[in-house]
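J.: Starting off with a structure, shown below.
The values are calculated or read from the model by the stated rules, or taken from the named source; none is laboratory data. Keep in mind that what you see is a predicted model, and the values were worked out from it rather than measured. Side chains are part of the model used for accessible areas, which takes the heavy atoms of the whole protein and leaves out ligands, DNA and RNA. Shrake-Rupley method; radii C 1.70, N 1.55, O 1.52, S 1.80 Å.
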Amino acid sequence: MSARIGARTSGDSSKILLVLRTLLAAATCAVLIPGAFASDCDRSCLRNVLDQYLSAVVQHNPSAVPLTPGYRQTENAVIRRPGQGIWQTAKALGKVQRRYFDTVTENVAFFGTLEETSGNAAVVTLRLKVSDRKVAEAEWYLARKGDPGIGVGAGAQADNSFWDPEYLAAHQPMERIVPKSERVSREDLISITNSYFDSLSAHDGHVMIAHPGCVRLENGVSTTQRDAPANLPPTTAGIFNGKTDCMNERAMTNIFAVVARRFPVVDEEAGTVLGLGVFLRKPGVAMRRNQFSEWFVIDQGKIRAIYSSMFYPDQDALVPNWPPYNGNWPVLPAPK
């Protein structure tokens with residue numbers, strides 16, 4: 001009898017010891033990796049990280065912001081290490097400063113202008129990936145005065161890309177919080193944004209889910225060319241010289257396909273989406289690709305305005321150079 005009781009007691013003790021060891025291991029992990037259990041970064045947290053990062057860049061001081069050990073940064077798809085590139089040339093934030101937040105992906109972004117040591121302002125998009133309240137990724141799009149243009153047959157953009165930070169400052173994106181009753185779901189915001197890229201690839205403006213009178217600025221320059229409807233809302237009426245409409249198919253003729261599409265920032269409160277990708281030219285055409293960041297302001301379920309910072313990479317440049325498109329997007333050689 002006593003042997004049986006002793007065996008049963010020993011077995012129970014082993015089970016209790018196993019449970020205690022398991023709990024101790026879990027507690028140890030929680031101490032060693034606190035971010036795995038409670039590191040969600042809300043809008044206020046994301047704003048603080050972004051502002052801290054921008055301040056560090058302007059101060060030319062990478063140590064002034066927490067970076068993860070594997071921090072990765074690109075400027076127009078070129079890899080930069082902390083202290084290089086924009087860390088040396090940034091002087092101050094410019095006249096346009098818009099901030100957007102995605103608490104689902106923990107991405108935060110800046111669109112606006114940045115004063116540089118050259119004396120000119122760059123039109124920029126900056127995307128940051130936050131991990132455990134540290135910056136893990138920084139993806140910069142910088143449009144500067146005198147940047148290469150699209151090349152042969154591109155008219156005003158043949159030699160130099162568009163650039164007009166002053167016009168952007170006079171026609172910058174509105175700051176807003178969409179009332180909860182008027183918000184569109186995250187999935188629909190992405191689909192509405194993607195309809196713009198689908199329309200460019202299909203060369204059919206009717207594919208686009210946009211308001212008549214939708215406006216678009218590329219590096220601060222208005223690219224919408226049709227006459228604006230007479231009944232534009234106050235947010236856009238009268239500010240684009242009467243020429244507007246994102247559905248203009250004339251602008252689609254030199255785009256073969258919109259590839260490497262990404263939507264890393266979906267700000268549901270602001271009704272704004274960041275779309276990234278590459279505009280490819282027709283095979284054999286001697287025009288440059290362009291890699292773009294485009295901000296889509298969506299109002300009442302349709303695109304109201306688009307603001308872009310983009311550049312024209314060399315034919316052999318690695319674009320977009322971010323997962324899942326790390327390498328070079330295929331480019332056929334120009335005809336001889």
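J.: Given an 8 Å cut-off on Cα distances and at least 6 residues of separation, report the relative contact order of region 90-144 as a percent.
T.: Reported as a whole number, the value is 28 percent.
J.: Could you sort out which of K134/K302; K91/K134; K129/K180 sit more than 28 Å apart by Cα distance in this structure?
T.: K134/K302
J.: Could you please tell me the mean projected area of the C-alpha convex hull for region 94-173, averaged over all directions and given in square nanometres to one decimal?
T.: Computed as one quarter of the Cα hull surface, the answer is 6.8 nm².
J.: Going from most exposed to least, what order do E187, E116 have by accessible area with a 1.4 Å probe?
T.: E187, E116
J.: Okay, moving on. Through the Karplus equation 6.51 cos²θ - 1.76 cosθ + 1.60, θ set to phi - 60°, convert the phi angles of region 322-327 into ³J(HN,Hα) values in whole Hz; use x for Gly and Pro.
T.: 9, x, x, 10, 5, x
J.: Kindly report, to the nearest 10 Å², the accessible surface of T105 as traced by a 1.4 Å probe over protein heavy atoms only.
T.: 40
J.: In vacuo Debye scattering of region 53-140, one point per C-alpha: log10 I(q)/I(0) at q = 0.14 Å⁻¹?
T.: Debye curve over Cα of region 53-140, log10 I(q)/I(0) at q = 0.14 Å⁻¹: -0.45.
J.: Just for the Cα atoms in region 61-208, what are the lengths along the principal axes, largest first, rounded to whole Å?
T.: 49, 43, 29
J.: Taking the alpha-carbon distance from K145 and a cut-off under 15 Å, which aspartates and glutamates remain once sequence neighbours fewer than 8 residues away in the same chain are dropped?
T.: E115, E116, D159, D164, E166, E218
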